[in-house]
Each structure stands twice: as structure tokens, then as C-alpha cells.
Ligand SMILES: Cc1cc2nc3c(=O)[nH]c(=O)nc-3n(C[C@H](O)[C@H](O)[C@H](O)COP(=O)(O)OP(=O)(O)OC[C@H]3O[C@@H](n4cnc5c(N)ncnc54)[C@H](O)[C@@H]3O)c2cc1C
């Protein structure tokens, strides 16, 4: 018998496993469907280029055909390994805009305004720059400045300046807007996943049990109280472990709603169609799906100085021996946040990631030669999607209807077009003259808004930030799945704590906000 059973050892799950087992009286079980993070590519930041396509550490999801994107199915990698997606992500350390959290509070998420969440960002963080009003230097999660820069990264930052876009040296400080280097979740040149930050240091605790290759298939209820979890290990058994206090789902934005629905919590009619006994009718489970859609302007380079031509053997040896050189780079070393003319308030509405390499189809389509890619995504899309359970078997992937560019006014597409235009403006600055060859995507012939619209439909991809499918909200919010304590509505002893509870997508990458959520809920659970 355990006190708490946590399902999923990802960004959030590792935090909860650590914080709850701080009390030696409390027994915690952490179930993770993936294996341990033995793969060296997890730990070498530049390993992301190879890692992202590896099936062993990836759930390898795809959306259903997206009507607004020429019926393409978009690829959604998610981490299936200790650390979850924090073990395969691009490591950019971003919190979003202060106003994003004030907006959560205004939507009914009491206690999630910026002033309330800032202490948890600070608590989680160990920033190599030291502590100040925004940053902490004593937390488990290491945040560092880059050890190595590709020669084109400073060129990109100068180009932004030439384009009249100001610089910033801290996207997570006083003002988010500007261009600069990303700080990354790395420690001494290596990835600092949530597993490395929170789990590894406490694995020896006697009151913490971690089981890998353990796939949870259902939460068991006694009346309206979650009392146990059913799971298999390496595909075998139908084990059942009891939780005397709580079951906490940390499976991420796709798997947590899937598990809720498999356990009888979700839209009643669709559960009944699959023959699932309804424990609680919650229409919001799987809904409110939001993601950052991203476009890439890809420019061929006249000089072979990008990561396309890095000697990988040499980089690997340099990394192994000294933790220096290109192997320590997260590849997306720099970027920026900017307000377009369409921005609806003071918050930047576009985020850029500059990649000094040719990145087509998530890097899965290897192109010959050298080039550089400027990603741009719209930070607050109005479009919403939904997940659907298609089977009672946990192994069958849910149907993901991301709903990209489905907003009635077409506002999301307008901002995407602005994003491409601004990307081109930056890449056309004089400082790039000696590097610029032909533009591969969208291609010089693509100029009018109608042509850019078609380009977005043909080429836009996810930048991996799905959230919102177990929305947090007020008691009277019909779409809310969890309350401000992340407790599932209408039942007892069950929480969801991961990126799925975000009521609205924040303006930035989602790893640090997910870790913050888990830090804060750990405190709520412990009653402090
Ligand atoms: C390729 C990529 C690049 C990204 N880049 C960045 C970036 O640069 N910066 C940033 O801030 N964010 C980035 N993100 C997003 C960020 O990593 C995620 O938002 C964050 O990790 C989500 O955390 P989570 O706890 O919700 O889910 P996850 O970290 O995905 O954890 C869920 C865990 O639950 C496990 N699990 C699921 N179902 C079950 C089950 N039934 N039984 C047992 N275990 C289960 C999974 O295997 C996984 O380990 C990126 C994501 C990806 C995929």
C-alpha cells in the first residue's frame, strides 16, 4: 500500500515524486511507461537532432488529418522515458509572460496569478547567473548560459538589431520582448531533465519506489474515490496497486486525458459508446486542446559553417572528454519574442527560434548542403482542438484533432503570415549578405498574402507545446476538469498535474511552467 501513486515520470511527475517523498513517513510509487534514461543522446544536448526521431524514447503521436493544413497529419513527439518530454526537448528555458498567469487567475484559477507562481519558478531553479527578483539559485533544475555558439548565432542577433528589433539578456526577467541567447535547462554542458534534476538525487529514498516500463491502464474507484491503479510492466501482468491518499496523473497532455477517459471520467456519451462505465461526466476531458503552430523560413548558406556540416564524431569526443563544443549546444541557441501589429495587448505574440542548420520536417528530412532556419510561432492561438478516445485499450493512441487555424475569424492565419514576413525581414539584413544563398522555404516566388497562406497550410508544423486537455478552472466552468488544486472535479483522491491542466497556452515554451505547476501543487498537497 502506497500513500500516493504518481503516473508518469515526466516534467511534472518527477517533481512530485521528489517533493512528496521528502517526508519519510509518506510512501510514494512512481510509474513510468518508458524505460530509464540510459541513452547517451538524452544527456548530450545536441543529441536532440538524432533523439527526436528515435522510437524507443518517443510516443510518436500524429494528429488526425488537419483540415486547415491540407489534411496533413502533424507529427507530435512526446517523451516516453524517465524525464518524459524534458528528456527529449530542446531545453530552452522560458516561463512565458507574467500576464499569462494573471489571465489564468482571471479565468477562475485562484492562486495562479504571476505573483503567486513566481516563487515556484524561483524555487525550482538553479540559475548559474545567481539569484535576483526573478531567479533562484538553489533549486534542483539547473539553468545555464550556452557553452558553445555556432558562428551564425551572433550573426542572427545582429540581424535582429539591424532590423530594428531590440535585444534582451533575459527573456524571463523584467521584460520578455527582445532578441537574445536562450538559457537552457543544462548542467555543466549536459541536459538537465526533470529526471536528472528531481529524481536522480532521491532515487535511494526508501519511501520512493520507481517502476519503469510500467504502463498504467486504468484508475480504480471505490465509490467516488480513486483507490488504486492498474498497470502492466513490460507488457506483462495486470498489476494493481492501492493508494491510501491519492492517485496523481502526470502523463502529459495526451495521456492524462486518455487515462481519465479509460477510467470512466470524461464526456459521458462518448464513454458509453465505447462501453466504459461512467464514474463522472466531465465534458471538458480531452477538449480545450491548444498548441503552438510554427513556420520555418529556411535559407541555404554559402558557407559550410552550420550544424549541417559539423563533424559529429569529433563533437561527440569533445563532449565526452571535456563537456565542451557543439555537443553541448541545444542547437536553438538564440531567438526572440516580438509584438506584431496584430498583438492584442502588451504581450509579444510571436516567438522565434533560430537554428543554424537546415531543419525540414522536424529535421527528419535531411537536406544536402548547409543552411539556416528561422522558426516563428504564434503564441496565443484562438483555435482549439480535441482528443477522442477510440478504444478501451490503453495501447491504442487517441485521435488528436488539433484544430490548427480553425478559428472562425482566421486571426491565427493572419498572425502566422506576419510571422513569416518578420522572419524574412530579419534574414534579409546586410549582416547575413555573405552567408545568404537561395531561400528554400517559402521560396522567393512566394510573396503575396495568398501565397504565404498556402505556404503555411503546406508546411507549418507543431513546435511541441500541446496543453489544456484537462483544463483547470472555477467550479462553475463547464469545461473545467480540475479545480485550482488540480483535483479532478466530482471525485475524490484524484489529481491531474501536468501541462494538460493549463487553462490557456502561455506565451513561450512549456517545460518550466509545467515544473512550476508541479512544485506548487506539491506544496498544496502538503498543506503548506
Ligand atoms: C521535441 C520537443 C521539444 C520541446 N522543446 C521545449 C523547449 O525547448 N523548452 C520547453 O520549455 N519545452 C519544450 N518542449 C515542451 C515540454 O518539454 C513539455 O511541455 C513538458 O515536458 C510537458 O511535461 P508533462 O509533465 O506535461 O509531460 P511529459 O514530460 O511528456 O511526461 C509525461 C510522462 O508520463 C509518462 N506516461 C504517459 N502515459 C503513461 C501511462 N499510461 N503510464 C505510465 N506512464 C505514462 C510518459 O512516458 C512521460 O514520461 C518540447 C517538447 C518536445 C516533445
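The values are calculated or read from the model by the stated rules, or taken from the named source; none is laboratory data. These figures come from a predicted structure and were not determined experimentally. Cβ placement follows ideal geometry from the backbone for every residue including glycine, while neighbour counts extend to all protein chains displayed.
Side notes on the structure shown:
- From 461, 437, residue being under 29 Å from residue 412 (Cβ atoms) and either surrounded by 24 or more Cβ atoms within 10 Å (Cβ to Cβ) or touching a residue at least 24 places away in the same chain (Cβ under 8 Å) (or both): 461
- Hits in region 21-58 (condition: in contact with a strand residue (DSSP E or B) (Cβ under 8 Å, 6 or more places away or on another chain), more than 15 Å from the ligand (Cβ to nearest atom) and assigned to a helix (DSSP H, G or I)): 43
- Within region 370-398, the set of residues being within 22 Å of residue 96 (Cβ to Cβ), assigned to a loop (DSSP other than H, G, I, E, B) and either free of Cβ contacts under 8 Å to residues at least 60 places away in the same chain or more than 14 Å from the ligand (Cβ to nearest atom) (or both) comprises 380, 381, 382, 383, 384.
- Residues in region 214-258 that are at positive phi and surrounded by fewer than 17 Cβ atoms within 10 Å (Cβ to Cβ) were compared, and the one that is farthest from the ligand (Cβ to nearest atom) is 223.
- When residue 206 is tested against (1) touching a residue at least 60 places away in the same chain (Cβ under 8 Å); (2) touching a strand residue (DSSP E or B) at 6+ places or on another chain (Cβ under 7 Å), just one condition goes unmet, and that condition is (2).
- The set of residues in region 399-427 that are in a loop (DSSP other than H, G, I, E, B) and touching a strand residue (DSSP E or B) at 6+ places or on another chain (Cβ under 8 Å) comprises 402, 403, 404, 405, 406.
- Region 321-340, residues that are within 24 Å of residue 376 (Cβ to Cβ), within 16 Å of the ligand (Cβ to nearest atom) and outside any strand (DSSP E or B): 329, 330, 331, 332, 333
To keep it simple, each residue is scored yes or no on (1) more than 16 Å from the ligand (Cβ to nearest atom); (2) within 16 Å of residue 504 (Cα to Cα); (3) outside the structural domain of residue 171 (by TED's automatic domain parsing); (4) without any contact (Cβ under 8 Å) to a residue 40 or more places away in the chain.
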| residue | (1), (2), (3), (4) |
| --- | --- |
| 60 | no, no, yes, yes |
| 88 | no, no, yes, no |
| 91 | no, no, yes, no |
| 95 | no, yes, yes, no |
| 100 | no, yes, yes, no |
| 108 | yes, yes, yes, no |
| 114 | yes, yes, yes, yes |
| 120 | no, no, yes, no |
